[in-house]
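These notes are about the structure you will find just below.
The values are calculated or read from the model by the stated rules, or taken from the named source; none is laboratory data. Just so we're clear, the structure is a prediction, and the values are computed from it rather than from any experiment. Reconstructed Cβ throughout: ideal geometry from the backbone, glycine too, with neighbour counts over all protein chains shown.
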Amino acid sequence: MNTPNDLKYTKDHEWVKIEGDEAIIGITDYAQGELGDIVFIDLPEIGMHLTQFTAFGVIEAVKAAADMYAPISGEISSVNGLLDDSPELINKSPYEDGWIVKVKAFDIEEVETLMSAEEYRKLIEVESGD
Amino acid sequence: MQPKKTALYNRHVALGAKMVPFAGFIMPVQYSGILDEHLNVRNKVGVFDVSHMGEFEFRGADAEKTLNYLTTNNVAKLEPGGIQYSAMLFDDGGVVDDLLVYRFENHYMTVVNAANLDKDFEWMKSHLKGDVEMKDVSDQTSLLAIQGPDAVSLIKKITNTPLDEIVYYNFQLGKVAGVNAIISRTGYTGEDGFELYVDREDSEQLWDAVFEAGEEYGVKPVGLGARDSLRLEVCFNLYGNDMDQTTNPIEAGLGWIVKSKKLGGFIGKQPVLDAKEKTTRKLVGFILIEKGIARHNSDVYLGDKKVGYVASGGFSPMLEKPIGLAYVDKPHHEIGTMIEIDLRGRRLQAEIVQTPFYKRP
């Protein structure tokens, strides 16, 4: 299970990566593995305002649907349009090609409150019962 | 209660399966992924451990009579080596379970859903009449399903039984990979293939031999996830979703296994005859036009009017579209009708279509 050290994580299994004045958001490798084959993703619109820890979209996998929660507040500056036709990118590459949205005008202090990779690894150890 | 393990539990874990509780068992839901496993069965061959299914044996001079009264299909028509898809009904016509009836030379075997095993056993036991003995052999029986266009070629490599002589819904007793098996040309996928009933002790030997023989065909293990998507594509009903004690077999599309003219009748006959005259709803197939996957129990609307509910929903890997089965009130059940399905507060457009969604070429 891959949990890159340079990302921040939520207990709902989203990740955030800061790149300049944008924050990239996606779901974790653990989350995509638990969901299984993803077949649809309901993406928000550019310009929409996200509020930390509130739902902003839905992922439909073969087995089940899951809400995605915003790890931080901010305004959506881009969405990964490739996911419309190829939602399986989230399964194949959750931290790179399978990113979901980018956010601007966020508060770096909110980012700091999120979990480190090490903390997140402990969380999924507990959840997966290993 | 601790979930039971099938005799192949260690094989599944070694293969990296995701194990989940199901019907009192801990079962593999997926190995390489539901889509991948699904397509492997459609295009090549897949192997399922479905040892959780229940098997009951019936012996005695009145076994046929008893089973004929308990089930809707005509057991008297079965020849030795024959298999029948059938249903058991409550007195009010609701479905106890769907099942397979196997006729051997001197006895019968029924195969029932794992989730209904205890209920079915009690129900059947309480309706035994005359000289008939019933025995639950589920715990000592393992069941492997080998399904897909290459299934027959695969099994031919490990058996001398003339498989071509066994037509659909028939079986023979024979050895496969050196193991005594009931070799049954049946399945729950819509593909050609066999289901092999063997002794629990022999199941690992058979499993290993099947994978060794199947290597050249690209055989893969298949979990319950793809078992569900495969059966939904070909519209095989699933008990608990598409029928239960609140549905009668007519509206569930199972009129063809209800033989109301057979001698001696059967439990639930009159309510079923009534239902034939006046069913108010029908199980139909639909394709979602919009993105989303319908789930069991989602409401179905036509305008503002609730006209039914989703029985089974899922994604069809062959159509690459979301599909499902729904109970829809008459007269809104006609093919071509546009309905709406409520998915967590969102109404998604769907069209009622001809079933099955997929037929093998």
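B:ASP36 - would you say it is among the acidic types (Asp, Glu), away from chain A (no Cβ under 14 Å) and touching a residue at least 40 places away in the same chain (Cβ under 8 Å)?
Numbers: among the acidic types (Asp, Glu): yes; away from chain A (no Cβ under 14 Å): no; touching a residue at least 40 places away in the same chain (Cβ under 8 Å): yes.
No; evaluated as a whole, the condition is false for this residue.
Can you pull out the strands (runs of 3 or more DSSP E) entirely within the stretch A:57-112 that have at least 1 residues that are under 15 Å from the mean Cα position of the chain (by Cα) and within 12 Å of chain B (Cβ to nearest Cβ)?
On the way: elements: A:65-69, A:74-79, A:101-104.
The qualifying strands (runs of 3 or more DSSP E) are A:65-69.
When B:LYS44 is tested against the conditions (1) under 14 Å from B:TYR239 (Cα atoms); (2) touching an Asp or Glu at 6+ places or on another chain (Cβ under 7 Å), the lone failure is (1).
Condition first: in a strand (DSSP E or B), of a type outside the set (S, T, N, Q) and more than 25 Å from B:GLU37 (Cα to Cα). Can you find one or more residues in the stretch B:320-327 that meet it?
Narrowing the stretch B:320-327 to residues in a strand (DSSP E or B): B:321-327.
Checking the rest, the ones that are also of a type outside the set (S, T, N, Q) come to B:321-327.
Imposing the further condition that a residue be more than 25 Å from B:GLU37 (Cα to Cα) reduces the set to B:326-327.
Scanning the stretch B:320-327 turns up at least one residue that is in a strand (DSSP E or B), of a type outside the set (S, T, N, Q) and more than 25 Å from B:GLU37 (Cα to Cα).
Take the conditions (1) in contact (Cβ under 8 Å) with a residue 24 or more places away in the chain; (2) surrounded by fewer than 18 Cβ atoms within 10 Å (Cβ to Cβ); (3) of a type outside the set (Val, Ile, Thr); B:GLU334 misses just one of them, which is (1).
The set of residues in the stretch B:137-160 that are surrounded by 18 or more Cβ atoms within 10 Å (Cβ to Cβ) and either in contact with a Gly (Cβ under 7 Å, 6 or more places away or on another chain) or farther than 27 Å from B:LEU224 by Cα (or both) comprises B:SER138, B:ALA145, B:ILE146, B:GLN147, B:GLY148, B:ALA151, B:LEU154, B:THR159.
Where residues in the stretch A:19-56 are of a type in the set (A, V, I, L, M) and closer than 14 Å to A:ILE76 by Cα, which of them is nearest to the chain's Cα centre (by Cα)? Among those residues, the one meeting the criterion is A:ILE25. Being touching a Pro at 6+ places or on another chain (Cβ under 6 Å), at pLDDT 95 or above and either in a loop (DSSP other than H, G, I, E, B) or crowded, with 17+ Cβ neighbours inside 10 Å (or both), is that true of even one residue in the stretch B:190-199? No; the residues of the stretch B:190-199 include none that is touching a Pro at 6+ places or on another chain (Cβ under 6 Å), at pLDDT 95 or above and either in a loop (DSSP other than H, G, I, E, B) or crowded, with 17+ Cβ neighbours inside 10 Å (or both). Per this entry, B:LEU283 is not counted among residues that are in contact with a Phe, Trp or Tyr (Cβ under 8 Å, 6 or more places away or on another chain), within 14 Å of chain A (Cβ to nearest Cβ), closer than 26 Å to B:ILE83 by Cα and of a type outside the set (Ser, Thr, Tyr). Within the stretch B:303-326, does at least one residue satisfy the condition of being of a type in the set (Asp, Glu) and closer than 21 Å to A:PHE40 by Cβ? Yes, the stretch B:303-326 contains at least one residue that is of a type in the set (Asp, Glu) and closer than 21 Å to A:PHE40 by Cβ.
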